[in-house]
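**Q** My questions all concern the structure below.
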Amino acid sequence: MIITLRQDAGFDEIQAIEKKLHSLGLKLVDVTSQSSRYFVIAGMPNLDIRSLADLKGVDDVHIVSDTYKLVSRKWKLNSSSIPAGLAGDVTPIGGGGMSIIAGPCSVESEEQLIQLADFLVSQGVKFMRGGVFKPRSSPYAFRGLGIDGLAMMASVCRPRGIKIVTEVMQVSQIDPMLAYVDVFQVGARNTQNFNLLDALGQVTTPVLLKRGISGTIDELLQSAEYIFSGGNERIVLCERGIRTYETASRNTLDLNAVPILKDKSHLPVIIDPSHGIGIRQFVTPMALAGIMAGADGVILEVHPEPEKAASDGAQTLSFAEAEICFGKMRQTHELLSSWQ
Ligand code: PEP
Ligand code: MN
């Protein structure tokens, strides 16, 4: 159950609501997000919700039977639009548009970033992705430039009006990253790092939450609930391929997840066809398929010289390939919008 408090609810009114819930034997989680304050009650209490809805200070009461509550569409029918960027320069993700997030797997050099940023500006793309803390299967692989790489990314992207999407791997990185990041990415290996999710609930910066390599849709939504229940409602879900028995592709991009997530949750859903299929020549068709399935955007790996990329070159698009991909994605989105 979710009880949304009125914005103008007074201290005494809130205390009376808490008292009532306690008298009914209900345990609540008190959540204050960017837009509202909620009392979330786990389980399915057997009571007439009018007895709560009539209390002063209560705006609305919803019964949500899912294991996740605040990210569920059962209480919020309208799709959420997530504002990314600093005040005065905000670009929404979700809400009917088609977001493109493009850039290298790893940040490598200033020259690489400048070429990429200029390319993105020329393409009207507002978000650059690029990892500086890289989760690598082998400890001997390139593991990123760290916070210096992120500062470099900001020095290139900020003057060009490009927003930064980058992965955070552990709680201690959040603070030093905050000043530079427009969207924190939680990678597939950290989808169930609950300490990290809790900590990201404490910031106001949006979070792009990837689905775990072997994670179910329900688990992804419960991970998103960690962030929202911590107080940060700015969450974008990302399907990036799951591990199956198939070996012909790096992962299996689960396009089923797109309409299912959009039905279960009000949060925007984007897809990552680069990691989803892992093969450069098939990235664009899968990006288009994701848009057709209803995705709110796509995150793609792009590099000035993919064959020289420090990581994931085999799934990375060149500028020429990316330009074609962006054009086709926009056409696909327009076509889809014309049907709705
Ligand atoms: C990435 O985006 O470069 C990455 C490591 O993604 P994932 O967590 O989906 O593997
Ligand atoms: Mn990558």
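**Q** Only one of (1) at pLDDT below 95; (2) not assigned by TED's automatic domain parsing to the domain that holds residue 141 is not met by residue 89, so which one is it?
**A** Every condition holds for residue 89 apart from (2).
**Q** Next question, about the same structure. If you take the residues in region 298-340 that are among the β-branched types (Val, Ile, Thr) and within 24 Å of the chain's Cα centre (by Cα), which one is nearest to ligand 1 (Cβ to nearest atom)?
**A** 299
**Q** Given the residues 165, 132, 156, 107, which is the only one that is over 23 Å from residue 275 (Cα atoms), surrounded by 14 or more Cβ atoms within 10 Å (Cβ to Cβ) and either not charged (D, E, K, R) or not assigned by TED's automatic domain parsing to the domain that holds residue 309 (or both)?
**A** 156
**Q** Of everything in region 84-133, what is in contact (Cβ under 8 Å) with a residue 60 or more places away in the chain, within 16 Å of ligand 1 (Cβ to nearest atom) and not in a strand (DSSP E or B)? Give them in sequence order.
**A** Within region 84-133, 104, 105, 108, 112, 116 qualify.
**Q** Only one of these conditions is not met by residue 182: (1) more than 16 Å from ligand 2 (Cβ to nearest atom); (2) within 20 Å of residue 72 (Cα to Cα); (3) in contact with a strand residue (DSSP E or B) (Cβ under 8 Å, 6 or more places away or on another chain). Which number is it?
**A** (2)
**Q** State whether one or more residues within region 281-289 are at pLDDT 95 or above and touching a strand residue (DSSP E or B) at 6+ places or on another chain (Cβ under 7 Å).
**A** yes
**Q** Which one of these is within 16 Å of ligand 2 (Cβ to nearest atom), more than 24 Å from residue 69 (Cα to Cα) and small (Gly, Ala, Ser): 248, 287?
**A** Result of the check over 248, 287: 287.
**Q** Additional query: Give the residue that is nearest to ligand 2 (Cβ to nearest atom), with candidates limited to residues of region 68-124 that are more than 21 Å from residue 299 (Cβ to Cβ) and in contact with a strand residue (DSSP E or B) (Cβ under 9 Å, 6 or more places away or on another chain).
**A** It comes out as 68.
**Q** OK, next. Determine if region 233-241 includes at least one residue that is in the same structural domain as residue 188 (by TED's automatic domain parsing), surrounded by fewer than 24 Cβ atoms within 10 Å (Cβ to Cβ), more than 22 Å from residue 313 (Cα to Cα) and touching a strand residue (DSSP E or B) at 6+ places or on another chain (Cβ under 7 Å).
**A** no
**Q** Which residue pairs have Cβ atoms under 8 Å apart, sit 6 or more places apart or on different chains, and have a first residue in region 184-207 that is assigned by TED's automatic domain parsing to the domain that holds residue 168 and a second that is within 16 Å of ligand 2 (Cβ to nearest atom) and hydroxyl-bearing (Ser, Thr, Tyr)?
**A** 184/166; 185/166
**Q** Give 302, 269 a once-over and let me know the one that is away from ligand 2 (no atom under 16 Å from the Cβ) and in contact with a Gly (Cβ under 8 Å, 6 or more places away or on another chain).
**A** Going through 302, 269 in turn, the sole match is 269.
**Q** Next up: Those residues that are farther than 16 Å from residue 66 by Cβ, touching a residue at least 24 places away in the same chain (Cβ under 8 Å) and either within 15 Å of ligand 1 (Cβ to nearest atom) or more than 16 Å from the chain's Cα centre (by Cα) (or both), I need them from region 216-245; list them, please.
**A** 236, 238, 239, 240, 241, 242, 243
**Q** Related question: When you go through 69, 76, 56 one by one, which is the residue that is touching a His at 6+ places or on another chain (Cβ under 6 Å), in a loop (DSSP other than H, G, I, E, B) and not assigned by TED's automatic domain parsing to the domain that holds residue 237?
**A** 76
**Q** Could you please find all residues in region 268-285 being within 23 Å of residue 221 (Cα to Cα) and either within 16 Å of ligand 1 (Cβ to nearest atom) or over 20 Å from the mean Cα position of the chain (by Cα) (or both)?
**A** Within region 268-285, 269, 270, 271, 272, 273, 274, 275, 276, 277 qualify.
**Q** Determine whether residue 225 is assigned to a loop (DSSP other than H, G, I, E, B) and of a type in the set (Asp, Glu).
**A** For residue 225, the condition - assigned to a loop (DSSP other than H, G, I, E, B) and of a type in the set (Asp, Glu) - is not met.
The values are calculated or read from the model by the stated rules, or taken from the named source; none is laboratory data. These numbers were taken from a predicted model, which means no experiment stands behind them. Here Cβ is always computed from backbone atoms with ideal geometry, including for glycine, and neighbour counts include all displayed protein chains.
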